[in-house]
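Undergrad: Got a structure here, written out as C-alpha cells. Questions coming.
The values are calculated or read from the model by the stated rules, or taken from the named source; none is laboratory data. Predicted, not measured: the structure shown is a model, and the values here were computed from it. Note that each Cβ is placed from the backbone with ideal geometry, even for glycine, and that neighbours are counted across all protein chains shown. Side chains included, ligands, DNA and RNA excluded: accessible areas come from the protein's heavy atoms. Shrake-Rupley method; radii C 1.70, N 1.55, O 1.52, S 1.80 Å.
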Amino acid sequence: MKHDDMKRDFDSLLPGQSNESGASRRTALKVALGAGYAAAVVPVCAQTAMKTSAEGLTVGDVHYEVNGFQVNAYRAVPKDKKNAPVILVISEIFGVHDYIADTCRRLAREGYMAIAPDLFARQGDPMSYGEIAKIQSEVISKVPDAQVMGDLDATVKWAGANGGDIGKLGITGFCWGGRITWLYSAHGPVKAGVAWYGRLVGDATQNTPKHPVDLAPILKAPVLGLYGEKDGGIPLDTIDKMKAALKEGSSAAKASEFVIYPDAPHAFHADYRASFRKEAAEDGWKRALAWFKTHGVS
C-alpha cells in the first residue's frame with residue numbers, strides 16, 4: 001500500500017487534525033491496555049462513548065511469549081464460565097484503548113471470551129502519538145502482516161489453554177483491524193469473521209505483501225463486511241472488486257457477505273468519535289452477533 005493511500009485511509013478517521021492539546025496524562029500516556037484513549041483522538045465524545053460494566057466478568061491484561069517477545073492482551077470473559085467461545089478483537093491503529101476494551105466487555109456479556117492483543121508493541125505505542133500521520137509512518141507502516149498472524153496464532157493458543165473453546169473461534173476488527181480480520185480468516189483456524197470497514201485493496205509491500213482482495217479466493221472462514229457508503233478511505237468500487245473475487249473463491253468466500261450503510265462514514269461504530277452513527281452501529285452489532293452464532297461461534 002502506498003504511503004498516500006494509507007494516509008488517506010487513516011485521515012478519514014478524523015474530521016480534522018488532532019493533537020495532544022487538552023489531553024490528560026491518563027489519555028496521552030499509555031497506563032495499561034484498555035485504559036484511556038490515544039492522544040490522537042482527544043477530545044473524546046463523552047456523551048456517546050459507551051461504558052460497559054465489568055461486574056460479573058473477569059477482565060484485565062494477560063500476556064504470553066512469541067519468539068522471545070512478551071505480547072500483552074486485554075481479556076474479558078464471564079466469571080467462572082468454562083469453555084467460553086472465543087472472539088479475537090483487533091483494534092484500529094490507536095491500539096488497545098478504552099473503546100477496544102469496552103468492546104471486549106460487551107462481547108463477554110454475550111458469553112464470549114473476548115481478547116484484544118497489542119499488535120503494535122514491537123514497533124511503538126500509538127497511544128502516545130498526537131497525530132494520525134505519525135502513527136501511520138512511525139508505527140503502523142512498520143508492522144509486518146506475518147508478525148500479526150503469528151501473534152494472533154499465539155493469542156488463540158493462549159485462549160485455548162486458559163478456559164476458551166477455540167473450536168468456537170471468531171474474529172472481529174475495526175479499520176486496520178478490519179483488514180486484519182480478512183487476512184486472518186484466510187490464515188487461521190477461525191470459524192467466522194466480522195470486518196468493520198477494513199481496507200480491501202492496496203499495493204504489495206514487504207510488510208503487506210497481500211491484501212484481502214488477493215486472499216479472497218482462499219478464505220477459510222466466511223466474513224461479514226460492515227462498511228459505510230460515505231467512507232472517504234474505502235471507495236465503493238473496491239468493495240465491488242472484493243465481491244467479485246469472493247464469488248470466484250472457496251466455499252467460505254462465497255458465503256461471505258457485505259452490508260453497506262447509507263450515509264455512514266468511516267469508523268461509524270466508534271462511539272467515542274464524531275464519526276459515530278448510532279443506528280448503523282447498533283444494526284451492525286446485531287448482525288455481527290447473529291453472524292457468529294450462525295457460523296458456530298457461540
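Undergrad: For the chain, what does -39500 (n - 2.57) per DSSP helix run (n ≥ 4), summed and divided by total residues, give at 222 nm, in deg cm²/dmol to the nearest 500?
TA: One gets -9500 deg cm²/dmol as the mean residue ellipticity at 222 nm.
Undergrad: Report the calculated FRET efficiency for residue 203 and residue 47 (r = Cβ-Cβ distance, R0 = 41 Å), to the nearest 0.05. Kindly include the intermediate steps, with their values, before the conclusion.
TA: Details: r = 39 Å, r/R0 = 0.96.
Approximately 0.55, to the nearest 0.05.
Undergrad: I would also like to ask the following. Can you give me the % of accessible surface on segment 170-264 that is carbon or sulfur? Probe 1.4 Å, all protein chains present, nothing else counted. Walk me through the intermediate numbers first.
TA: Details: 1810 of 3440 Å².
With neighbouring chains kept in place, the figure for segment 170-264 is 53 percent.
Undergrad: Charges at C-beta only: +1 for Lys and Arg, -1 for Asp and Glu. How large is the resulting dipole of segment 139-179 about its Cα centre, in Debye rounded to 20?
TA: Computed about the Cα centre, the dipole is about 80 debye.
Undergrad: Ok, one more. Could you give the size of the charge dipole of segment 143-244 about its Cα centre, using +1 on the Cβ of each K and R and -1 on the Cβ of each D and E, expressed in debye and rounded to the nearest 20?
TA: Taking the Cα centre of segment 143-244 as origin, the dipole is about 220 debye.
Undergrad: Among the listed pairs 81/286; 168/210; 210/241; 51/286, give every one whose C-alpha distance is greater than 21 Å. It would help to have the intermediate numbers written out before the result.
TA: Working: 81/286 23 Å; 168/210 27 Å; 210/241 15 Å; 51/286 18 Å.
In this structure, 81/286; 168/210 exceed 21 Å between Cα atoms.
Undergrad: Taking the mean number of other Cβ atoms within 10 Å as a proxy for protection, how do you rank 32-43, 274-285 from highest to lowest?
TA: Ranking the peptides 32-43, 274-285 by packing returns 32-43, 274-285.
Undergrad: What net charge is computed for the residues neighbouring residue 215, neighbours being all others with C-beta under 11 Å from the C-beta of residue 215, Lys and Arg scored +1, Asp and Glu -1?
TA: +1
Undergrad: Okay, moving on. Antiparallel as a % of all DSSP beta bridges within the chain, to the nearest 5? Kindly include the intermediate steps, with their values, before the conclusion.
TA: Numbers: 14 of 38 bridges.
Antiparallel bridges: around 35 percent, rounded to the nearest 5.
Undergrad: Ranking request for peptides 189-199, 239-249: highest mean number of other beta-carbon atoms within 10 Å first, then the rest in descending order.
TA: Top of the packing list down: 189-199, 239-249.
Undergrad: To continue, here is another question. Using the Kirkwood formula over every pair of different C-alpha atoms, what hydrodynamic radius in Å results for segment 128-274?
TA: The Cα-based Kirkwood calculation yields 15.9 Å.
Undergrad: Accessible area per residue for the chain in Å², computed with a 1.4 Å probe and the full protein assembly in place, what is it?
TA: 40 Å²
Undergrad: For a quick protection proxy, order the peptides 263-272, 45-54, 116-125, 176-185 by their average other-Cβ count within 10 Å, most packed first.
TA: Working: 263-272: 23.2, 45-54: 12.7, 116-125: 20.8, 176-185: 27.2.
Packing order, densest peptide first, comes out as 176-185, 263-272, 116-125, 45-54.
Undergrad: Right, something else. Given charges of +1 on the Cβ of Lys and Arg and -1 on the Cβ of Asp and Glu, with all other atoms neutral, how large is the dipole of the chain about its Cα centre, in debye to the nearest 20?
TA: Roughly 660 debye for the chain.
Undergrad: I would also like to ask the following. Could you give the distance between the Cα centres of segment 98-172 and segment 176-205, to the whole Å?
TA: 13 Å
Undergrad: Let me ask something else. Please name whichever of 198, 133, 235 sits farthest to the positive end of the charge dipole of the chain, dipole taken about the Cα centre and charges placed at Cβ: Lys and Arg +1, Asp and Glu -1.
TA: 198
Undergrad: Relative contact order for the chain: what is it in percent, counting Cα pairs under 8 Å that are at least 6 residues apart? Write out the running numbers ahead of the final one.
TA: On the way: 681 pairs, mean separation 54.7, N = 298.
Relative CO of the chain lands at 18 percent.
Undergrad: Something else now. Among rounded, prolate and oblate, which fits segment 199-298 when a ≥ b ≥ c are the square roots of the eigenvalues of its C-alpha gyration tensor, a/c under 1.5 means rounded, and a/b larger than b/c means prolate?
TA: Note, shape of segment 199-298 comes out oblate.
Undergrad: If you don't mind, another one. On a full-extension model of 0.36 nm per residue, what is the gain between residue 282 and residue 55, subtracting their alpha-carbon distance, rounded to one decimal in nm?
TA: Full-extension gain reported as 79.5 nm.
Undergrad: If you don't mind, there's one more thing I want to ask. How big is the Kirkwood radius of segment 108-155, worked out from every pair of different alpha carbons and given in Å to one decimal? Before the final figure, lay out each step's value.
TA: Numbers: mean 1/r = 0.0817 Å⁻¹.
Hydrodynamic radius (Kirkwood, Cα only) of segment 108-155 equals 12.2 Å.
Undergrad: What does the charge count near residue 67 come to, summing +1 for each Lys or Arg and -1 for each Asp or Glu among other residues with Cβ under 14 Å from its Cβ? Numbers along the way, then the final one.
TA: Details: positive: 122, 157; negative: 65, 151, 153.
Local net charge: -1.
Undergrad: Please compute the net charge surrounding residue 228, taking Lys and Arg as +1 and Asp and Glu as -1 over other residues with Cβ under 10 Å from its Cβ.
TA: -1
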